[in-house]
Each structure stands twice: as structure tokens, then as C-alpha cells.
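**Q** Pasting a structure here, questions to come.
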Amino acid sequence: MLAEKKITVGITGGIAVFKTVQLVSNLKADGAVVNVVMTRSAQEFVKPLTFQVLSGSPVYTELFDPMAGAVQHIELATRPELIVIAPATANVLGKVANGIADDLLTTVIMAATCPVLFCPAMNVNMYNNVVVQRNIAILGKRGFEFVEPGIGRLACGVEGRGRMADLDLIKNKIRNLLHPRQDMEGLTVLVTAGPTVEPIDPIRYITNRSTGKMGYGVASEATLRGAKTVLISGPTILEPPRGVELIKVETATQMYEAVMARFAGVDIVVKTAAVADYRPLQFSNQKIKKQDGSLSLVLTRNPDILAELGRKKEQQILVGFAAETSNLEGYAQQKVKEKNLDLLVANDITQIGAGFGSDTNVVRFVYPDGTVKQMPLMDKTVLASRILDEALALRRKQK
Ligand code: CTP
């Protein structure tokens, strides 16, 4: 799979180094030519000899190594087709984001001519620190690639986001970066994502728990595979994937208008957005003051964007989502027909590992002919790819 691909693995000092041992071994088994660069702190965790044996090459540790050529860092930076930093500490992210190159690894990254992939791993408070998040955002904007850390029990004993991503996810990303599938070239994909917000007064609004992760994953994957991607998104804290055209909206009505304006020229629509079905009938220009007794809010229906697309659809493949808490299959079968969809991705948000905010999802693919495919628990980025595979297959059948 990775035959003869030249990969430099940069290792910084974190307990997740033990996973990198397996990563280097797997990359080698897949046929890659692996060079390893270790920082001084990384060597506190695992000895270079381990990586030397697994990679079958000397491990590089010193910027000024009298045995190596004078421009060793330039060679290490320009020879590989991909540089993977795993684990990437807060320290290395901070240095690279701010232009500091004070050891062999940061010098190699600074001189790199190939994609650089960071796999951060650190304590949850460090990961959430605004400075670290700012550095990640800076690096993302400059074209560095990331595999986000997962949520779980961290080595320091606390639960939270910070553990280095699973090796399968890292390897998937490495394969995508080295062999980008270009099977969506020439297609336009429209993705809606995130929640909508429906204002009550200048201060309050109605919204839902959608984070946008699923939709941003689909948009990123479609772009990587060569599609022109339009992402119409409600408010989220996510960085838009590189290369997508982002249209920001707030309310369901704005989302409706943005979607309708772009629908005609589109080949595939994936509607992950959690659109509010209702909005307050009256928007109060002034803050609503509290009063004795209860307060009633009158809500009115929002347009059903997906149902309208179902009525208008011509060549477009229409993929809808359904989040349910009961009778998943019954509702899903009903929605796929009523909304004239080609595929409905149905998830029971009460299941562990499914639904809003989670990195993973457990879904069923439901088709208008009544067929149902139960998908295993999978990361949302992997699911994004499966949904696009399915949409492409449906397009081929349509022709
Ligand atoms: N959807 C939409 N416009 C709306 C409501 C939902 O386009 N006003 C889309 C969502 O983007 C999603 C799908 O419809 O792809 C299903 O949303 P969901 O809330 O599960 O279903 P509803 O059709 O709204 O039905 P209900 O709320 O009764 O379950």
C-alpha cells in the first residue's frame, strides 16, 4: 500500500510514544521507507535503538552531528514525501506555529517541502489551553495537516480529549495524503452542517446540540477526493476544511435560502445539519423582561429544506440524516420516502458512541426500496468517506 513511499516520522516527548513504536512498525510492514527523527525529550521515553531496529535506518537526533553531512536537516526535510509528527506535544506545535527552529526536528519541519501531519497528544487541559488551540488554528491555516486527538482516559489519570488518535485513523490519513483518491473530480458536493439558531430577542435564541463535526468531515473528505465543495454551516467552533467554499448562516430560513441558491448546479447533497423545525413566531427587538408567572413562547414551523430539495431534485443524489431517540428504523423508512431521498443516514443518538459531539457514530444506511445496512461503530471521518462512496455508487446506478 505504501510501497517505497518515503516518510519521516518525527517523535516528540510524550507517553504516546509507545503507540508510535507500533506506527513505525506498521508503516514499514506496508512497504514505506521510514526515517525517524527524535527530540531529546522523546528519547527519555523510548531509546532511539528501538526505532532504528523497526525502521531499519539510523535514527536522527542531533542538529549538529559531526558524523552526518553539514546539511542533514535539509536532506531530511526535502527527501520524504510526508512528515508525520507523532506524538506532537504542545511544545512542538507552539514552536512551529511561531517560527522557532532550535533542534533537528523543528529545523526539518521548517525546511519541509512535503505535507506535514501532526498527531497531537497531551493532557486535556493543555490541549484545551487557548494558546495551544490558537497555535493549532495558525498551523491549520498554513496548510499543516492534523489528526485530532481522541477522547478517553489519559496517562495522567483524567478523562478528556488528548490521547493520540488511534493508529487506524493516523494510517488512514497518511494513505489519503500520499494517495489522494481523486474519484470525485468534476463533481460539486453541497454539505450542510451544524445547528441553526433561532433568535428570541437580542440576547436569547433556540438551538440544538449539533457540533458540525459530521458535516465538516464530509466536506473535508469530498474536497480531498477532488470535488468542488460548498459547505453551508450554522455556527460551530470548527475550522473550515481547506479548499471548501464556506457559507455561514444562522437561522433555518437563511440556510434554506443559501441551499436553494446553490442547488441547481450540484451533483450530491449531504444534509447533516440539525435544522430547527421551529422558530419563535415573533422576534422581540427589545430584551424580554421577566414577569410574574410563566411565559409562553409561540413557535412557528421553519421550512423543511430537505423535503423541498426532494421535490425539486433532478440529477442530484440526496443524502439526508435522521437523529432519533426511538423507533429508528420506522421513522427512517418513513423519512427516506416522504423526503424523496436516495439515502438516509439514521442514527439512534441514545446509543454509546453515536450522535452529537462524539467523534464516532453508529448509523444505519436506509434506502428508499426498504433496504437497510447496519454500519459498525466508526470514526466520523471514516463514516464521511463511506457516505461519499455510497453516494457515488448511487450516482453510477442512476446513469
Ligand atoms: N431537515 C431540513 N430542514 C428542516 C428539518 C430537517 O432540511 N427544517 C433535514 C436535516 O438536515 C436532516 C433531515 O432533515 O438531514 C432529518 O432531520 P430530523 O430532525 O431528524 O427529521 P425531521 O424531518 O425534522 O423530523 P422530526 O423532527 O419529526 O423527527
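**Q** Can we say residue 305 is in the same structural domain as residue 210 (by TED's automatic domain parsing) and within 10 Å of the ligand (Cβ to nearest atom)?
**A** Details: in the same structural domain as residue 210 (by TED's automatic domain parsing): yes; within 10 Å of the ligand (Cβ to nearest atom): yes.
Taking the combined requirement at face value, the residue satisfies it.
**Q** So, one more: I'd like the full set of residues that are out of contact with any Lys or Arg (no Cβ under 9 Å at 6 or more places or on another chain) and not acidic (Asp, Glu), limited to region 371-389. Give the steps one after another, and end with the answer.
**A** Here is the first cut: in region 371-389, the ones out of contact with any Lys or Arg (no Cβ under 9 Å at 6 or more places or on another chain) are 371, 376-377, 379, 382-384, 386-387, 389.
371, 376, 377, 382, 383, 384, 386, 387, listed by residue number.
**Q** Would you call residue 186 free of Cβ contacts under 8 Å to residues at least 40 places away in the same chain and either part of a strand (DSSP E or B) or surrounded by fewer than 18 Cβ atoms within 10 Å (Cβ to Cβ) (or both)? Outline the logic, then answer.
**A** Values: free of Cβ contacts under 8 Å to residues at least 40 places away in the same chain: no; either part of a strand (DSSP E or B) or surrounded by fewer than 18 Cβ atoms within 10 Å (Cβ to Cβ) (or both): yes.
No, not satisfied.
**Q** In region 325-358, what residues are buried (at least 21 other Cβ atoms within 10 Å of the Cβ) and away from the ligand (no atom under 12 Å from the Cβ)?
**A** Answer for region 325-358, where residues must be buried (at least 21 other Cβ atoms within 10 Å of the Cβ) and away from the ligand (no atom under 12 Å from the Cβ): just 342.
**Q** Something else: Given region 256-344, what strands (runs of 3 or more DSSP E) lie entirely inside it while holding 3 or more residues that are farther than 30 Å from residue 228 by Cβ and at pLDDT 95 or above? It would help to see each step written out before you state the result.
**A** Numbers: elements: 268-271, 278-280, 299-301, 317-324.
Answer list for region 256-344: 278-280, 299-301.
**Q** On to the next question. Any residue at all in region 164-177 that is farther than 25 Å from residue 127 by Cβ and surrounded by fewer than 24 Cβ atoms within 10 Å (Cβ to Cβ)?
**A** First pass over region 164-177, keeping only residues farther than 25 Å from residue 127 by Cβ: 175.
Filter once more, keeping what is surrounded by fewer than 24 Cβ atoms within 10 Å (Cβ to Cβ): 175.
The answer is yes, given that some residue of region 164-177 is farther than 25 Å from residue 127 by Cβ and surrounded by fewer than 24 Cβ atoms within 10 Å (Cβ to Cβ).
Each row is one residue, and each column tells you yes or no for (1) charged (D, E, K, R); (2) assigned to a helix (DSSP H, G or I).
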{"site": "221", "(1), (2)": "yes, yes"}
{"site": "237", "(1), (2)": "no, no"}
{"site": "242", "(1), (2)": "yes, no"}
{"site": "246", "(1), (2)": "no, no"}
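**Q** Could you list, ordered by first residue, the pairs with Cβ atoms under 9 Å in which the first is in region 261-282 and in contact (Cβ under 8 Å) with a residue 60 or more places away in the chain and farther than 15 Å from residue 192 by Cβ and the second is within 7 Å of the ligand (Cβ to nearest atom) and assigned to a helix (DSSP H, G or I), at least 6 apart or interchain?
**A** As it stands, the answer is 278/252; 279/252, since those pairs meet every condition given.
**Q** If you check 245, 239, 198, which single one turns out to be surrounded by fewer than 18 Cβ atoms within 10 Å (Cβ to Cβ) and touching a strand residue (DSSP E or B) at 6+ places or on another chain (Cβ under 6 Å)? Lay out the reasoning, then the answer.
**A** Working: 239 fails: touching a strand residue (DSSP E or B) at 6+ places or on another chain (Cβ under 6 Å); 198 fails: surrounded by fewer than 18 Cβ atoms within 10 Å (Cβ to Cβ).
Just a single option satisfies the conditions, and that option is 245.
The values are calculated or read from the model by the stated rules, or taken from the named source; none is laboratory data. For clarity, every value in this text was computed on a predicted model and none was experimentally measured. Counting neighbours? That spans all protein chains shown, and the Cβs are built from the backbone with ideal geometry, glycine included.
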